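Chemist: One structure, pasted below without further comment.
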Amino acid sequence: MRKTRRLPIAVAVIAALGTVAACGGGAGSSDAESGGSGTYTFWDPYPQFDTSSQWGKLVEQCGKEVGVEVERTAYDTTDLGNKALLAAQQGNAPDVMLVDNPVVSTLVEAGILNKVTDVGLETGAVQENILGAGTIDGAAYGTPIGANTLALYYNKEVLDAAGVDPASVKDWDSLTAALKKVKDKGMKGITFSAINTEEGSFQFLPWFWGAGGDLTELDSPEGEAALSLWKQWVDSGYAPKSVLQNTQTTSWQEFATGDYAFAENGTWQLGNAEKAGFEYGVISIPGRHGGSAPVPTGGEFVTVPVQEDTARYETSSKIVTCLTSSANLLKTDTTLTYVAPTEEAQKQQVEADAKLEPWVTAVAAARGRTSDGLGTEYPVISEAMWTAVQSALSGGQGPKEALSQAQEAAGKGQG
């Protein structure tokens, strides 16, 4: 079992990420009375939603339902993680916090989050693979608000012109054959993000896992097969060289031109897909030899940070329960374009919008990036992996050599 490091890790993480401005407003400085009245602080990574939005109104409503005022502060995702670490050091962490799922393990190892069982939260209805992204050493430290993940969007007009039936794409060979047909007709194949950030790793993982790769062994034959596939596509002109700089947003913008047959992208692009001006569809990312490839789970967890005044946990848990109830999950996940983390809410989503069905299927096959005991080792592995992808696709190294160096770098980084 991994040794749990407490707050000193926060110092190292903050130093690595840069200087962060001090923040206030946490429970430690609140005038709220203990255990269920006054003001409870809530942080989330949704600055795009103000108090007039459906999400903002839900947070306010949940406070009223449990008899308190919820003081909500929204930060960008990276900023939120930084501020959470610093606030915990200063003793003024918020009462409730919504964080990106890979951040959960970092906050747990810093001693910042409570186990759900210690604060009375129920997670039994949540799909196990989605909950796994916030589970460390067998214990859950939050409950997911929803999940997003990746699949392949396709442009029906381009595929029809190339004589490709999307239902024929069942494995890597059939997908590559489809890309060849598209290119032979003078059109563009597939776009994705291979940028040297977490976005690049996020998009590479379905191919890595779809080959049977294991993140503890980046240089395995399976990993080499996945990277060789992407390199083949770029070298053959099936994918543009711009994938090296593409974020998931710029990759989508390429697909939205109407020139590409396929784009690897996420649930969050569904609204943009409806505005694209051409008929589109969605299929699962295929595994190397067939079936749906495991895809990484995106999305956030609602957590209850550690407080000096433990009497506050009861009310904090009631706020979390309100935010993640079946009725509210449906509204929230519709607003966020997320797949709900419970089967009941997923069924309601598909009944309301049949286009969500392939995404529900994709989420069912998804994996947490920090699952399988990786925890805070994942960011080190991810950086080594995206570095290898960049090196191979740019022609600096072959896939085998690039992944061999990545494995060595990951081992040193975890030491």
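Chemist: Cross-link candidates for Lys318: which lysines have Cα within less than 21 Å, leaving aside residues fewer than 8 places away along the same chain?
Modeler: The reachable lysines, counting only those whose Cα sits under 21 Å from Lys318, are Lys57, Lys64, Lys115, Lys331.
Chemist: Something else now. Taking 8 Å as the Cα distance limit and 6 or more residues as the minimum spacing, I'd like the relative contact order of the chain as a percentage.
Modeler: The normalised contact order for the chain reaches 24 percent.
Chemist: What is the distance, in nm, between label points placed 7 Å from the Cα along the Cα-to-Cβ direction at Thr249 and at Glu217?
Modeler: 3.9 nm
Chemist: Calculate the FRET efficiency for Asp160 and Lys347 from the Cβ-Cβ distance with a Förster distance of 51 Å, rounded to the nearest 0.05.
Modeler: Rounded to the nearest 0.05, the efficiency is 0.95.
Chemist: I'd like the FRET efficiency for Asp309 and Lys185, computed as 1/(1 + (r/R0)^6) with the beta carbon distance as r and R0 of 60 Å, rounded to 0.05.
Modeler: 0.35
Chemist: Could I ask something else about it? With every protein chain present, what accessible area does Leu113 have (1.4 Å probe, heavy atoms only), rounded to the nearest 10 Å²?
Modeler: 10 Å²
Chemist: Related question: Over the heavy atoms of Lys188, what accessible area does a 1.4 Å probe trace out, to the nearest 10 Å²?
Modeler: About 100 Å², ignoring ligands and nucleic acids.
Chemist: Here are several values of Cα extents along the principal axes in Å: (1) 63, 53, 45; (2) 70, 49, 34; (3) 111, 45, 39. Which one was derived from the coordinates shown?
Modeler: Here the calculated entry is (2).
Chemist: If you roll a 1.4 angstrom probe over the protein chains with everything in place, what fraction of the accessible area of the chain belongs to carbon and sulfur, to the nearest %?
Modeler: Answer for the chain is 48 percent, counting heavy atoms of protein chains only.
Chemist: What longest range of the chain stays clear of loop-exposed GluC sites (Glu not before Pro) (DSSP non-H/G/I/E/B, at most 16 other C-beta within 10 angstrom)?
Modeler: After excluding every exposed loop site, the longest remaining stretch is 309-415.
Chemist: Please list, in order along the range 139-156, the HN-Hα scalar couplings obtained from phi with the Karplus expression 6.51 cos²θ - 1.76 cosθ + 1.60 (θ = phi - 60°), rounded to whole Hz, x for Gly and Pro.
Modeler: Per residue, the Karplus-derived 3J(HN,Hα) values read 10, 8, 10, x, 10, x, 7, x, 9, 10, 7, 10, 7, 9, 7, 10, 9, 4 Hz.
Chemist: Between Ser168 and Asn272, how many nm apart are label points set 7 Å from Cα along the C-beta direction?
Modeler: Going from the Ser168 label point to the Asn272 one covers 2.9 nm.
Chemist: Relative to the present Cα-Cα distance, how much length would full extension add between Lys115 and Glu128 at 0.36 nm per residue of separation?
Modeler: 3.1 nm
Chemist: Let me ask something additional. Over what distance in Å are the Cα centres of the range 253-290 and the range 152-174 separated?
Modeler: The range 253-290 and the range 152-174 have Cα centres spaced 11 Å from each other.
Chemist: Looking at the chain as a GNM with Cα springs under 10 Å, which of Gly200, Gly277, Gly298 has the largest mean-square fluctuation?
Modeler: Gly277
Chemist: Leaving out ligands, DNA and RNA but keeping every protein chain, what accessible area does Thr334 have, in Å² rounded to the nearest 10, with a 1.4 Å probe?
Modeler: Surface open to solvent at Thr334 totals about 90 Å².
Chemist: Which residues does the label zone of Lys355 cover in the range 281-317, counting backbone N under 14 Å from a point 7 Å along Cα→Cβ?
Modeler: The answer is 281-283.
Chemist: Provide the per-residue ³J(HN,Hα) series for the range 305-317, in order, calculated from phi with Karplus coefficients 6.51, -1.76, 1.60 and θ = phi - 60°, each as a whole number of Hz, with x at glycine and proline positions.
Modeler: x, 5, 10, 5, 8, 5, 5, 6, 4, 4, 6, 4, 5
Chemist: Can you tell me the FRET efficiency between Thr197 and Lys57 if r is taken as the Cβ-Cβ distance and R0 is 30 Å, rounded to the nearest 0.05?
Modeler: For R0 = 30 Å, the calculated efficiency reads 0.35.
Chemist: Output the 0 to 90 degree angle, nearest 10, between the alpha-carbon long axis of helix 378-394 and the longest principal axis computed from the alpha carbons of the chain.
Modeler: 20 degrees
Chemist: Just by accessible area at a 1.4 angstrom probe, what is the order of Met97, Met187 from largest to smallest?
Modeler: My answer, sorted largest first, is Met187, Met97.
Chemist: Further question: To the nearest 10 degrees, how steep is helix 77-90 against the longest Cα principal axis of the chain, on a 0 to 90 scale?
Modeler: Rounded to the nearest ten degrees, it is 30.
Chemist: Around Lys115, which amide H atoms from residues at least 5 apart in sequence, or from another chain, sit under 5 Å from its own amide H, with H modelled in the peptide plane?
Modeler: Those lying under 5 Å, H to H, from Lys115: there are none.
Chemist: Moving to a separate point now. Per residue, how much accessible area does the chain show when a 1.4 Å probe rolls over the protein heavy atoms, in square angstrom?
Modeler: Working: 16950 Å² over 415 residues.
Averaged over the residues of the chain, the accessible area is 41 Å².
The values are calculated or read from the model by the stated rules, or taken from the named source; none is laboratory data. All figures in this text were calculated on a predicted structure; none of them were measured in a lab. Virtual Cβ from ideal backbone geometry, glycine too; neighbours counted across all protein chains shown. Note: accessible area is taken over every heavy atom of the protein model, side chains too, but ligands, DNA and RNA are not part of it. Shrake-Rupley method; radii C 1.70, N 1.55, O 1.52, S 1.80 Å.
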